[in-house]
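J.: Below: one structure in structure tokens.
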Amino acid sequence: MAFFLLALSLMTKLQCSYLRIFLLLILIMGGCEYLVMILFDVFHIETFINNSVLAFLDAFCLIVLATPLIYMTIISPLIKTRRKSQRKSGILLRALDGASDCIMIINGDGNVTYTNQAFTNITGYSAKDILGKNPRIMQSGKQNPQFYKTMWNAIHTTGEWQGELWNCRKDGSEYLETLHIKKVSIKYSEKPYYIGIITDITLKKEHEVSLAHAEKMVSIATLVGGIAHNFNNLLSGIIGNAYLAQDERNPIKTNERLQLIERISFDASEMVKSLLIFARNHAPKKKNIAIIPLLK
């Protein structure tokens with residue numbers, strides 16, 4: 001008895017279920033056979049028919065009695081369990097197909113066994129194209145072999161890995177993705193399975209780059225605005241002093257050079273105004289220019 005209990009404790013849930021069905025089947029068949037023997041003894045059937053007919057009648061009665069019991073106690077519960085499992089699997093499959101992220105399942109041999117609809121939408125590979133094949137067909141070549149070696153070492157050591165990598169769509173275009181791959185052990189499989197969740201972040205990364213560039217431009221504009229304001233004050237001092245330094249008693253060359261300093265300072269002041277317009281994001285002022293001198 002102790003050995004029997006120890007054996008039961010070591011059996012899996014599925015094995016216990018099979019054992020229960022087997023014992024129940026023996027009990028039903030044995031009980032029905034015992035009932036048939038009692039009926040034969042009561043009516044003395046064996047006295048007026050031969051052994052071959054008796055054996056056939058015994059088997060027929062056993063089938064008639066046992067079939068309803070087997071169906072109600074064994075077959076019907078199995079059918080209900082099977083249908084419940086199918087409904088649950090169907091709901092899970094519909095949920096996976098409706099997910100926005102790619103979901104890919106890889107077996108222990110490294111071949112793809114399942115992909116959802118999002119995988120086809122993002123990569124262009126249909127289930128027919130990728131099932132049974134190794135996902136390395138999507139590699140872009142931007143990651144070196146050491147990258148994948150490190151990735152798989154992490155998966156085998158910790159059971160999962162998460163990071164960014166470049167892959168190729170079916171049409172050859174590259175896209176950036178985040179990959180979260182996890183190792184899953186299956187009871188009835190010696191090799192583990194790997195579940196990969198893939199998110200296309202190409203547009204997100206482009207948006208981040210654009211946002212960083214915009215922030216950089218804002219910083220540059222702030223810096224330019226501060227420098228232009230201070231430089232404008234210096235130019236005002238230069239222009240004022242150049243104007244005051246002009247005198248009739250000065251040599252003609254000196255006054256000409258002072259006027260040149262004043263004119264250059266005014267040009268620099270106009271440039272500073274343009275920088276301030278850029279820094280403050282104001283609409284630029286338009287003016288007519290002589291096109292021929294400009295072309296020359």
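J.: How many residues, within region 89-121, are out of contact with any strand residue (DSSP E or B) (no Cβ under 8 Å at 6 or more places or on another chain) and at negative phi?
T.: Step one: of region 89-121, the residues out of contact with any strand residue (DSSP E or B) (no Cβ under 8 Å at 6 or more places or on another chain) are 89-95, 97-100, 109-111, 117, 120-121.
Those left that are additionally at negative phi: 89-95, 97-100, 109, 111, 117, 120-121.
Residues in region 89-121 being out of contact with any strand residue (DSSP E or B) (no Cβ under 8 Å at 6 or more places or on another chain) and at negative phi: 16 in total.
J.: Moving on. Take Gly90 and tell me if it is more than 24 Å from Trp166 (Cβ to Cβ) and part of a loop (DSSP other than H, G, I, E, B). It would help to see each step written out before you state the result.
T.: Details: more than 24 Å from Trp166 (Cβ to Cβ): yes; part of a loop (DSSP other than H, G, I, E, B): no.
So Gly90 does not fit the description; no.
J.: Restricting attention to region 187-203, and to residues there that are not in a strand (DSSP E or B) and not hydrophobic (A, V, I, L, M, F, W, C), which single residue is nearest to the chain's Cα centre (by Cα)? Step through it out loud before you land on a result.
T.: Keep residues of region 187-203 that are not in a strand (DSSP E or B), which gives 187-192, 201-203.
Retained after the next criterion (residues that are not hydrophobic (A, V, I, L, M, F, W, C)): 187-192, 202.
Values: Lys187: 25, Tyr188: 27, Ser189: 25, Glu190: 26, Lys191: 23, Pro192: 20, Thr202: 13 Å.
The extreme case among them is Thr202.
J.: Ok, one more. Filter region 118-139 down to the residues that are surrounded by 15 or more Cβ atoms within 10 Å (Cβ to Cβ) and of a type in the set (Gly, Ala, Ser), then identify the one that is nearest to Ile195 (Cα to Cα).
T.: Only one residue fits best here, namely Ala118.
J.: Restricting attention to region 148-195, and to residues there that are among the aliphatic types (A, V, I, L, M) and touching a helix residue (DSSP H, G or I) at 6+ places or on another chain (Cβ under 9 Å), which single residue is nearest to Thr123 (Cα to Cα)?
T.: Restricting attention to region 148-195, the residues satisfying the condition of being among the aliphatic types (A, V, I, L, M) are 151, 154-155, 165, 176, 179, 181, 184, 186, 195.
Applying the additional criterion that residues be touching a helix residue (DSSP H, G or I) at 6+ places or on another chain (Cβ under 9 Å) yields 165, 176, 179, 181.
Numbers: Leu165: 14, Leu176: 11, Leu179: 14, Ile181: 17 Å.
Looking at the filtered set, the residue picked out is Leu176.
J.: Are any residues in region 105-117 of a type in the set (S, T, N, Q), outside any loop (DSSP other than H, G, I, E, B) and surrounded by 17 or more Cβ atoms within 10 Å (Cβ to Cβ), and if so, which ones? Write out each step before concluding.
T.: Start the filter on region 105-117 by keeping residues that are of a type in the set (S, T, N, Q), which leaves 107, 111, 113, 115-117.
Pick out the ones that are also outside any loop (DSSP other than H, G, I, E, B) and you get 113, 115, 117.
The one that is of a type in the set (S, T, N, Q), outside any loop (DSSP other than H, G, I, E, B) and surrounded by 17 or more Cβ atoms within 10 Å (Cβ to Cβ): Thr115.
J.: Quick check on region 166-186: of everything there that is in a strand (DSSP E or B) and among the acidic types (Asp, Glu), which residue is farthest from the chain's Cα centre (by Cα)? Spell out how you get there, then give the answer.
T.: Taking region 166-186 first, the residues in a strand (DSSP E or B) are 166-168, 174-184.
Pick out the ones that are also among the acidic types (Asp, Glu) and you get 174, 177.
Values: Glu174: 16, Glu177: 8 Å.
Top of the filtered list is Glu174.
J.: Suppose the filter is at negative phi, touching a residue at least 12 places away in the same chain (Cβ under 8 Å), in the same structural domain as Arg20 (by TED's automatic domain parsing) and not aliphatic (A, V, I, L, M); does Phe56 pass it? Please lay out each step first, then the result.
T.: Working: at negative phi: yes; touching a residue at least 12 places away in the same chain (Cβ under 8 Å): no; in the same structural domain as Arg20 (by TED's automatic domain parsing): yes; not aliphatic (A, V, I, L, M): yes.
Criteria not met by Phe56.
J.: Quick check on this structure: which one of Lys216, Lys204, Lys170, Lys191 is touching a residue at least 60 places away in the same chain (Cβ under 8 Å) and of a type in the set (D, E, K, R)? Don't jump to the end; show me each part of the working.
T.: Working: Lys216 fails: touching a residue at least 60 places away in the same chain (Cβ under 8 Å); Lys204 fails: touching a residue at least 60 places away in the same chain (Cβ under 8 Å); Lys170 fails: touching a residue at least 60 places away in the same chain (Cβ under 8 Å).
Only one candidate passes the filter, namely Lys191.
J.: Tell me, yes or no, whether region 245-260 has at least one residue that is outside the structural domain of Gly108 (by TED's automatic domain parsing), touching a Lys or Arg at 6+ places or on another chain (Cβ under 9 Å) and surrounded by 13 or more Cβ atoms within 10 Å (Cβ to Cβ). Let's see the steps before the verdict.
T.: So in region 245-260, the residues outside the structural domain of Gly108 (by TED's automatic domain parsing) come out as 245-260.
Filter again for touching a Lys or Arg at 6+ places or on another chain (Cβ under 9 Å), leaving none.
No: region 245-260 contains no residue that is outside the structural domain of Gly108 (by TED's automatic domain parsing), touching a Lys or Arg at 6+ places or on another chain (Cβ under 9 Å) and surrounded by 13 or more Cβ atoms within 10 Å (Cβ to Cβ).
J.: Could you tell me how many of the residues in region 93-104 are crowded, with 16+ Cβ neighbours inside 10 Å and either of a type in the set (Gly, Ala, Ser) or closer than 13 Å to Val184 by Cβ (or both)?
T.: Summing the residues that are crowded, with 16+ Cβ neighbours inside 10 Å and either of a type in the set (Gly, Ala, Ser) or closer than 13 Å to Val184 by Cβ (or both) in region 93-104 gives 2.
J.: Restricting the search to region 140-165, which residues are in a strand (DSSP E or B) and loosely packed, with under 15 Cβ neighbours inside 10 Å?
T.: Our first condition is that a residue be in a strand (DSSP E or B); within region 140-165, this holds for 160-165.
Matches in region 140-165: Glu160, Gln162, Gly163, Glu164.
The values are calculated or read from the model by the stated rules, or taken from the named source; none is laboratory data. Fair warning: this is a prediction, and the values are worked out from it, not measured in the lab. All Cβ positions, glycine included, derive from the backbone under ideal geometry; neighbour counts span all protein chains shown.
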